[in-house]
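Worksheet: one structure, shown below.
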Amino acid sequence: MQMIWKEAKRYSRIYGRFMKFSVMSQMEYRTNFITAFLIETAYLLIKLLYAILPYQVGTDINGWSPDAILLYVGVFTIMSGLYSGLFFTNFTQLPDKVRTGSLDVLITKPISLQFAVTLRQFELGYTIPNVVGGAIMVAIGWSRMGLPVDFYHVGGFIFFIAIGVLIAYSVFLLPQLLAFWTVQTTGVTDMSNSVFETNYVPMAVYNRIIQRLGTFLLPVFVICNFPPMFVMGALNPGMIWWALLAPVWLLIIIRVIWSYALRHYSSASQ
């Protein structure tokens, strides 16, 4: 147990340095940072339209009130910022690292290759507008719905956000691992983006079959639906247990496939 704790602290320090170096690099090229910030701010305004529309219509959408929709869109916006800032760039660069042989350099480093490849870059410009804007929408929706602001609800909400981050990491890294066997993965990236965008609206708008597939087979709906459903009291015990188990088995699957891919990896520079 002491060894696990020691390794956890070591990797926390390394990740802190990854984030620090990423931010320093972005500050050297501030035009790119400002451009990314402005683009994400524009996308944020588009997401806000999804929250405003139910208020204009003045009706519930499959049991979701306009305030609940606002809460949901806020969660989706936060998760979009976290996914874009923490994972997207790292995942989409994996095929280039495999194809060009630059992965070989990272293999020699005394840390987990998966950790170094999938968590090395942090895109601050993508994260700030979405997380701040999403948090504001969550706060407004939470207040208008009169939801309790206590340790149970706030702590549970943050916990399910963390669960969503782990599931997003696993689900959207999985298709990028095809880079070890195929040359081009552009179509896979486009497909992954389309899958993530199914979270633009609550899963309640989809039919029951799609809801089941998106919750249990490929749990993309868990990412954005479960945090607001928890604070609204809409999660039954079975769904809570599934939210706890889903990231575990997904991370195990990712680790198994990653290890298998590395065993059969041959450098592009050979």
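The values are calculated or read from the model by the stated rules, or taken from the named source; none is laboratory data. What you see is a predicted model; the values in this text were computed from it and never measured. Note that we place each Cβ from the backbone using ideal geometry, even for glycine, and neighbour counts take in every protein chain shown. In case anyone asks, the SASA skips ligands and DNA or RNA and just uses the protein heavy atoms, side chains included. Shrake-Rupley method; radii C 1.70, N 1.55, O 1.52, S 1.80 Å.
Side notes on the structure shown:
- Residues of the range 151-161 satisfying the condition of being within 22 Å of the chain's Cα centre (by Cα) and open to solvent by 60 Å² or more (accessible area, probe 1.4 Å): 158, 159
- Checking residue 111 against (1) open to solvent by less than 70 Å² (accessible area, probe 1.4 Å); (2) of a type outside the set (Phe, Trp, Tyr); (3) assigned to a helix (DSSP H, G or I); (4) out of contact with any strand residue (DSSP E or B) (no Cβ under 8 Å at 6 or more places or on another chain), the condition it does not meet: (3)
- Scanning the range 2-51 for residues that are surrounded by 15 or more Cβ atoms within 10 Å (Cβ to Cβ) and either of a type in the set (D, E, K, R) or on the phi > 0 side of the Ramachandran plot (or both) turns up 40, 47.
- The residues listed here are 105, 117; of these, the one that is open to solvent by less than 30 Å² (accessible area, probe 1.4 Å), among the β-branched types (Val, Ile, Thr), over 24 Å from residue 224 (Cα atoms) and in a helix (DSSP H, G or I) is 117.
- The range 214-230: number of residues that are without any contact (Cβ under 8 Å) to a residue 60 or more places away in the chain and closer than 20 Å to residue 193 by Cα: 9
- Residue selected from the range 128-150 under the condition without any contact (Cβ under 8 Å) to a residue 60 or more places away in the chain and within 27 Å of residue 16 (Cβ to Cβ), by the criterion least open to solvent (accessible area, probe 1.4 Å): 131
- Test: residue in the range 52-61 that is aromatic (Phe, Trp, Tyr), assigned to a helix (DSSP H, G or I) and under 22 Å from residue 169 (Cβ atoms): no
- Residue, modelled with the lowest pLDDT, within the range 120-147, restricted to residues that are in contact with a helix residue (DSSP H, G or I) (Cβ under 8 Å, 6 or more places away or on another chain) and assigned to a loop (DSSP other than H, G, I, E, B): 123
- The lone exception for residue 237 - which of (1) farther than 23 Å from residue 53 by Cα; (2) touching a residue at least 12 places away in the same chain (Cβ under 8 Å); (3) not aromatic (Phe, Trp, Tyr) it fails: (2)
- All of 167, 209, 163 fail the test of being under 27 Å from residue 254 (Cα atoms) and free of Cβ contacts under 8 Å to residues at least 12 places away in the same chain, apart from 209.
- The single residue among 4, 78, 14, 69 that is part of a helix (DSSP H, G or I), within 30 Å of residue 262 (Cα to Cα), of a type in the set (A, V, I, L, M, F, W, C) and modelled with pLDDT of 90 or more turns out to be 14.
- Among (1) open to solvent by 50 Å² or more (accessible area, probe 1.4 Å); (2) under 24 Å from residue 119 (Cα atoms) - the single one residue 63 does not satisfy: (2)
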